[in-house]
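The values are calculated or read from the model by the stated rules, or taken from the named source; none is laboratory data. Everything quoted here is computed from the prediction, not taken from an experiment. Positions of Cβ are generated from backbone atoms using ideal geometry, with glycine treated the same way; all protein chains shown enter the neighbour counts.
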Amino acid sequence: MNYKSDPQQQNTLFTSPSNPEPEPSSWDKTLWWMAAADASLMKDCGPDKFRYTVIGYTVMATWLFATLAWGYFFSTLFDDILIILPAAVFFGFVILTIDRGLIAGLNSNGGKNKWLSLSLRLLLALTIGFFISQPVVLMLFEKDINAHLPVVKEKKIAAYTKQVHDENAVTLQQARTEIERIRNEQKVKEQEISDLKNAYIRETDGTGGSGKIGEYTIARVKKMAYLKSEEDLIAWKRGVQPALDSALAKEKATEAVIQQRIVEFDKGLTDGFLTRIETLDDLMIVHPPVKYRYRLVIMLIMMIELMPLLTKLMMPSGLYEEKVQDAIQQRKLLWQTERAALKEVERSFYETALTTDKQLQADVMHEINELRRKQAEEAFSSWKQNPGKVRQFWEQLKSRLLYFNRN
């Protein structure tokens, strides 16, 4: 076997002016972008390229996983692929952006609050992972959920039926109580008529109290009582019929409302996301083994979401992080220098402006003083030609020529 190495293959991990590193491909730049790395800083970082390529692949896997989860979530709400696909891609991109932000935050040392910052990032990643895990779990248990879905719907319909009956129990009971009262009273009256009729018949066939066959005095009295009771019953029925009709209509309307609400509730039941979540919860109660597998799947999915962050944490810092910190420090120093220079320029400008303003003010005040003196002489000459009260002249002159005067 030949163990000689090809001279051209040696020292490929190192660069020199005579052997520069190859230009990164578009795919490498895409992976570095997903890993929140600057391609312009990465191209001369040697082994760090591989680290950030691996991180880029983990971020891409999480992004595809999140897009798939969101796609299934929206498929439980809509049937139109033109709605499901853009929504899934958009929310998958949101997760990608959040993951890039979490990784980008780890490129700095975090200062004094490094562990607090890291804990917050891990908590955010866990929260996102737990939320994304719900659609994925539903997708994995889809067959079991579909089989158990009718049972959950029946339970919900039964619970809602009981709720509706409880809400209308008072109204329904009042109507039924009134109907029962009227019908019981009618039965009593009908029984009384039946008893009177039987008594009349016994009197006519000789089995009654008089023992005579035929319609004699006592029989005629009982017949009159029997006929009067029938007339009273007819009158009574005529009087209570509106109340009976009202109670029956109330009972019928209440039962119709109950039935209508149950039908509407039944029609409103869907196989959407929340219904499937409830079905899965009920399935875990009925079949305890599902609960343990559910927790296992949740943990696995959350680990997938944490994968980019954990990968970044597990890999040691390299030249790229040093270059990032150096670039930050250089930019910071440059900004501080520019700010100091700008302040110096502004300070010099205001000092020069102050000096020139003072000089201009002095020149203007000198010219004004000459003019004021001339005006004062003219006013005094005019006053001397026609002297008046000195104080009145002074007040006029003061208001015209002095900068400050007290009234």
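The residue pairs whose first member lies in the range 119-132 and is under 16 Å from Ala69 (Cα atoms), whose second member is exposed (fewer than 15 other Cβ atoms within 10 Å of the Cβ), and whose beta carbons are closer than 8 Å, counting only pairs six or more residues apart or on different chains, are Gly129/Met303. Does Lys384 meet the test of being surrounded by 10 or more Cβ atoms within 10 Å (Cβ to Cβ), modelled with pLDDT of 80 or more and in a helix (DSSP H, G or I)? No: the conditions fail for Lys384.
Based on this model, can you work out whether Gly56 counts as at pLDDT 75 or above and of a type outside the set (Asp, Glu)? Criteria met by Gly56. For the residues Tyr320, Tyr292, the requirement of being part of a helix (DSSP H, G or I) and loosely packed, with under 12 Cβ neighbours inside 10 Å singles out Tyr292.
Per the listing Ala219, Ala256, the residue uniquely at pLDDT 80 or above and either within 60 Å of the chain's Cα centre (by Cα) or of a type in the set (A, V, I, L, M, F, W, C) (or both) is Ala256.
State all residues of the range 265-281 that are outside any helix (DSSP H, G or I), in contact (Cβ under 8 Å) with a residue 24 or more places away in the chain and of a type outside the set (D, E, K, R); if no residue qualifies, say none.
Listed by number, the residues that qualify are Leu269, Gly272.
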